[in-house]
Each structure stands twice: as C-alpha cells, then as structure tokens.
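Worksheet: one structure, shown below.
The values are calculated or read from the model by the stated rules, or taken from the named source; none is laboratory data. Note that the structure is a prediction, hence the values are computed from the model and not measured. Methodologically, a virtual Cβ is constructed for each residue, glycine included, from the backbone with ideal geometry; neighbour enumeration extends over all protein chains shown.
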Amino acid sequence: MSIKENMLRKKIILFSIATSIGIAFSSSIAIAAPAADITSQKGITIGAGGKFASWGGAISLTEADAISQSNGKCGFNVSYDMENIGGTSTAQPFKNRLLAAGNVLSEQSMLSLNAGETKQVSTQISLAPGSATLQLSLDVDNNVVESNEKNNLVAIKISMDGKCGGDPLKPTPTQPTKADLVSLKGITIGGAVGGAGGKFSAWNGNLILSTADAFLHDGGQCAFNVSYDISNIGTVAAGPSFNNRLYADADVVSQQSGLSLNAGETTQINTQMSLKPGAHTLTLWVDADNHIAESNESNNKTTVKVGLDSNCNATPAPTTPVDTTPKSIPLGLSDTAKEGQTQQYLNRSQLTLPNASGLFTYKVTLSATLQDKQNSAPLSGINIHFKIGNVDAGSAATNNSGVATINFTVPESLPTGANTLTASAAGFTKNSQYYAPSTATANFDAVKAPTTLTFQIPLPASKVVEEKDTITLKGRLHTNSPEKTGVSNRKIIFLVNGQPIPHAMTNANGDYSINWKVPVGLIIKDFISAQFEGDGHYLSAPEPSQIDFIIKHKQLPPATVNTQGIHIQGIYF
C-alpha cells in the first residue's frame, strides 16, 4: 500500500472513531480560509523626469518635474505599485487615495487584484511649494476582507521648491546639453520651388488651395511645391542625419532624409507633395524616426489645416496635337506649359510589396521594390515607409536595385492572424523628373510564438522542508527566438500534487517569483509543477520537470476528549 493510501485510510478510521463518540475535531487544528492582502511594496514615482523613492523615503521636487504650474500649485504625474499578496482575489472593488495634510490629492476607484497579482497605478496630483508627508491609503473604505489590515497605509516625505505660477520667478538660466529641432515659422504651399508665389501660413493656421497653386494635376490628385523652415535651437549639432515627414491626415505625402543641423542653425526645406481634394490636417514631423536625442521632444510636430477646393483632374486635351513623347518637366514652368503632359508624369513610380509573416517578438525582414513604371528602371535613394495595420514599422531608403529593407520586431499590439502590410513612397523628384506618391499593400500574418518556461525552487540538498516554511517558486518565461525575449505580464500556474495554489505574474523581462508557505496537512512526499497555458500571442510552454520535496511534519500537542471518559492521543498525518 502506498504512503498516500495508508494515510487516507488512517484519516477515515480517525474520523469514524470521532463521530461514533459524538465529538468534533478541534478548531485549533483547522486550516484558516485564505484571504486577500492588499499593499504597496515598492514605492512611488513622481514628476516628468520620474523621481522614485521607496516607501519611508523622500523625494525633492522642483518646477522642472511638473507638467503644469498655476496659481501657486504644480501638477505632477504619479505612478505607484499595488499588490495582492494574499491567497484569494479581492472579491469587492476597492478605492485607493493619495493624501497630504489630510487633503485628498487623487482617488482611484473600481480597483481589483487577483491573488498574487501586481498592478501599476498611474494618476496625477497637485502640490503647493513646501514640505509634506504624502500618504497612500489602499482600500481606503475597507471594502475588502484582508488577512492583514495594517499594511494598507504607506508614506514618503516630499519637498517642493519653486513658486508654481504664483509670484514672478527669478529667471534661472539653464543650458540645454542636447539638440532641439523645431519648425518655428510655418509652411508655404504652391508657387515655384522655394516658395515664391506660394501661399504661406504660420503653424496652426489655415490654407485654401486650388489647381492654380499646383504644378501638376491629374487623376484626382494635385501636386504642389512645398517649403518650410527647420531650426536647431539646442546647443549641440543634430546629426549625423535625421528624417522629416509630411503627413496629410495619416498618409505620408513627403519625406526628407539625410538632414543635419548645427547648433543654432536654421535652413529652408524645399520638397513636393500630392493631395486629394477636400479638407486635410497637414502635419510636419521633424526627426520623425527619433534619431536625434533632444532636450525637448515635444516640439517636433506642427500642423496646419489645408483645404483643396478642386477636382484635380487633367485639363481636357487641346484641339491641336500635343507632343506626348515622355520627357522631363523642369520644375518652375508655368501650369500652361505642362498641360497635356500631366498624365505621363504623375504615375511613373511603381511600388511592389510581397506578403510576409512573423512570430510575435521575433524579428522579421520587410522589403519593397520601387521602379519606374515605364522602363522598369530601379529608383534608388528613395525612402520607403512601412506600416502593419496601425503600427509604424519604420522606413529605409532604396538601394541601387530599388529595394528598401527593414528589420521589424513583431509587437504584441498586432492582432493574431492577417494584417494589412503597407509600403509607401512620398512624391519626389529624380533626374529632373517628378514622381507622384505611390503605395502598395500586401498581407502580413502575425503568428503565435513558441515559448519556454523555466522553473526552480531553491531547496536544501536533502529536499526536506518543514510545514509552514516559506519557499520561493521562480523562473522565466521566454520565446524561443535567438534573443530569448522575455514574455511579460503572463500568468504562471502552480500545482501541488495536481492541485492549484496561488499563481505568479511575469515581469517585463519574463521573470516570475512567488513566496509560498508550505501548508499543514500535505503528504510526506510532494511535488510542484509550473505551467504557462498560452494565449492569443504565444503558444503554451512545454511543462518543465516537476520538483519533488519532502515534508518534515511538526508534532502537534495531544488532544484530550473526556466527555465519554475516553482519551485520544493527538495524531497528525
């Protein structure tokens, strides 16, 4: 007979004896029902720059950390952790509050946590200059029954230096140590190359355009010369190169590559773009790929409202014969000189894009080929922008074969399965020939990635643990890619002798760890296993080897029952 069968037989015999003499098992040996336990174990981050302190510590803030200043108060972004270290989920929604000097600064409602789950809470608070104690009160209304109600209140000391929009501040000279790219003036659309004769608007303004402002118009699109300024108002050079993009709504209509600016330098950018009739938001994104580290990254985007009040179709052919031999149209000629030749030049570029697929978090290569439609000649040095669904995948310039290639890591933000892959080239001029914007689409299949789960328990060499000892269950969940990318925010299930115990969640690196107290009443030899069941982005991991351990039972004091004059020696299994 096995150990487990023998122990079960003993329990049945003991239960029969107890019930036959009319006694109940002592509550002193009953196992208490598990309860939730809400706390914050790490600390709090405050300010635009992200100043962190553990609970019980201190943070010094200045106006530079604030996101707003008004009437003597500064507004700050705040982030803190909350965790349920208990054995059950929080059955009822609960509230947290941030307080200073008894005043509520922020409240978060309808919160919940599973057993073993950790969440990051982000909010905002306003503080006046001076010193204060900032308190976090978790489950402030005591909606959740907890095993420990004493760890719901934590605090730090904060000091705030400044006026926060109150009394006029004395100027504090600061010297940025980075570049800072921005367009300060505005944009000119139409007219000749360089902006002469075009229509100008400062940023955040409005422009009304027509075919009279375009240098080409056909097929429902009008092509315009465009000119705008960029400046580096920082103290170091912006280089070796960066890219700018012009968007009409969500579509790239022009891109300028290989740009650089010295500190304090301003230059004028001349390019072309095509628009369809209607109302558009035209956005200039300076350093669109964030190649340059800047002291201010928030001023790289500027916009102007544009209305195109034309049908942008070709002018009817004149009654006299027109020379339709393909030829370059020098920029700057009048619209009259271009009539009748528009059709041949607006649709010269041809972009081809093959289907592709990739596993989540794996790197995949995307490529597109740009050619002259009339002679199939490759078009080199032209930037191609890739998107998958709504995800910006990046851009690259075409090589001598007309091929642009990027390496892209498939993100979890994509839905599993079929997605639309798009490659686009903005309008450009090459060898005095204008090429209209071109776009190609294909299918991108996002595939669930295989995973590996590691599992370990630091045990003594004897593998013997005592009841009520706390042991650590830990490991890592990662993909099978060459980089072994960690899979974050996933539930790891643990089974003891096939029965579930509280689970763990993986962190940003895919690591997990949970402390588990060995309960009273397990059999002498037990085993623990860990599992990841898979989800919409990842396949389930092959189950790692189970870990065996031996329980050293603690002797309970004898239990005496004398209602019938019978004494039963305490027996523990």
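Summary of values
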read-out: Flag for LYS150 being at negative phi and free of Cβ contacts under 8 Å to residues at least 12 places away in the same chain; value: yes
read-out: Test result for GLY43, closer than 27 Å to SER488 by Cβ, in contact with a strand residue (DSSP E or B) (Cβ under 6 Å, 6 or more places away or on another chain) and modelled with pLDDT of 90 or more; value: yes
read-out: Single match in ALA423, ALA396 (criterion: crowded, with 17+ Cβ neighbours inside 10 Å, without any contact (Cβ under 8 Å) to a residue 24 or more places away in the chain and not assigned by TED's automatic domain parsing to the domain that holds CYS222); value: ALA396
read-out: From ILE208, ILE187, ILE156, residue being part of a strand (DSSP E or B), under 30 Å from ALA115 (Cβ atoms) and touching a strand residue (DSSP E or B) at 6+ places or on another chain (Cβ under 9 Å); value: ILE156
read-out: Residue within the stretch 78-97 that is in the same structural domain as VAL154 (by TED's automatic domain parsing), exposed (fewer than 15 other Cβ atoms within 10 Å of the Cβ) and among the β-branched types (Val, Ile, Thr) present; value: no
read-out: Test for PHE15: is it among the aromatic types (Phe, Trp, Tyr), in a loop (DSSP other than H, G, I, E, B) and at pLDDT below 90; value: no
read-out: Qualifying residue in the stretch 381-389 (condition: more than 27 Å from SER241 (Cβ to Cβ) and under 31 Å from the mean Cα position of the chain (by Cα)); value: yes
read-out: Qualifying residue in the stretch 427-440 (condition: modelled with pLDDT under 90, in a strand (DSSP E or B) and over 20 Å from ASN243 (Cβ atoms)); value: yes
read-out: Set GLY102, GLY116: member being modelled with pLDDT of 90 or more, out of contact with any helix residue (DSSP H, G or I) (no Cβ under 6 Å at 6 or more places or on another chain) and at positive phi; value: GLY116
read-out: Residue identified as assigned by TED's automatic domain parsing to the domain that holds GLN531 and at positive phi among LYS474, LYS468; value: LYS468
read-out: Set SER488, SER513: member being free of Cβ contacts under 8 Å to residues at least 24 places away in the same chain and surrounded by fewer than 17 Cβ atoms within 10 Å (Cβ to Cβ); value: SER488
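Conditions (1) under 25 Å from GLY57 (Cβ atoms); (2) crowded, with 16+ Cβ neighbours inside 10 Å; (3) at pLDDT 90 or above, marked per residue:
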{"residue": "SER131", "(1), (2), (3)": "yes, no, no"}
{"residue": "ASN142", "(1), (2), (3)": "no, no, no"}
{"residue": "LYS157", "(1), (2), (3)": "yes, no, no"}
{"residue": "ILE189", "(1), (2), (3)": "no, yes, yes"}
{"residue": "ILE208", "(1), (2), (3)": "no, no, no"}
{"residue": "ASP218", "(1), (2), (3)": "no, yes, no"}
